[in-house]
Amino acid sequence: MEIQKIEHIGIAVKDLNKSIKFYEDVLGLKCYKIEEVKNQKVKTAFFKVGNTKIELLESTDNEGPIGKFIEKRGEGLHHIAFGVYDLKLSLAELSDKNIKLIDDKPQEGADNLDIAFINPKAANGVLTELCEAKK
Ligand code: ZN
């Protein structure tokens, strides 16, 4: 597998608009996109930080992954996402190595990305996302 960069860092928040205000008014970043991802049951907001991004995630459904995460652990760091050149190939390599995956096939992500998550149990407790920019 060849990793390009840290594509983004995902942060679970209770209130997207309130959190956007912190990133804009306090940290001076600019939100360039708000996007709902129906299959992940989230609304996202994106900020560019150099060559990487911050992704804020607000749950649209208490039974969704972010809803459950916040109920269990509260707001905070949720996942780290690495950009890869070939997501399908990367997932095949991980399967060959018997790495536990949450998604064995690419899923529709926010901000023009195909994504897949590695099970945090296989990654030292860190929910790890791989993503490939859509062509
Ligand atoms: Zn993400």
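Keeping to segment 23-43, report how many residues are modelled with pLDDT of 95 or more, part of a helix (DSSP H, G or I) and within 21 Å of residue 61 (Cβ to Cβ). Qualifying residue count, segment 23-43: 0.
Condition check ((1) touching a residue at least 24 places away in the same chain (Cβ under 8 Å); (2) touching an Asp or Glu at 6+ places or on another chain (Cβ under 9 Å)) across all residues:
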position: 6; (1), (2): yes, no
position: 9; (1), (2): yes, yes
position: 13; (1), (2): yes, yes
position: 21; (1), (2): no, no
position: 25; (1), (2): no, no
position: 45; (1), (2): yes, yes
position: 72; (1), (2): no, no
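Residue 58 satisfies every condition listed in (1) over 14 Å from the mean Cα position of the chain (by Cα); (2) assigned to a strand (DSSP E or B); (3) among the acidic types (Asp, Glu) except (1). Between 63, 55, the distinction of being within 13 Å of the ligand (Cβ to nearest atom) and not hydroxyl-bearing (Ser, Thr, Tyr) belongs to 55 only. In summary, residue 20 fulfils each of the numbered conditions (1) of a type in the set (A, V, I, L, M); (2) out of contact with any Gly (no Cβ under 8 Å at 6 or more places or on another chain); (3) under 18 Å from residue 123 (Cα atoms) with the single exception of condition (3). Inside segment 70-105, residues that are surrounded by 13 or more Cβ atoms within 10 Å (Cβ to Cβ) and in a strand (DSSP E or B) make up a count of 8. Of all residues in segment 1-38 being more than 13 Å from the ligand (Cβ to nearest atom) and closer than 23 Å to residue 87 by Cα, which is surrounded by the fewest Cβ atoms within 10 Å (Cβ to Cβ)? The qualifying residue surrounded by the fewest Cβ atoms within 10 Å (Cβ to Cβ) is 2.
The values are calculated or read from the model by the stated rules, or taken from the named source; none is laboratory data. This structure is a prediction, so every number in the text was calculated from the model and none was measured. Positions of Cβ are backbone-derived with ideal geometry, glycine not excepted, and every protein chain shown enters the neighbour counts.
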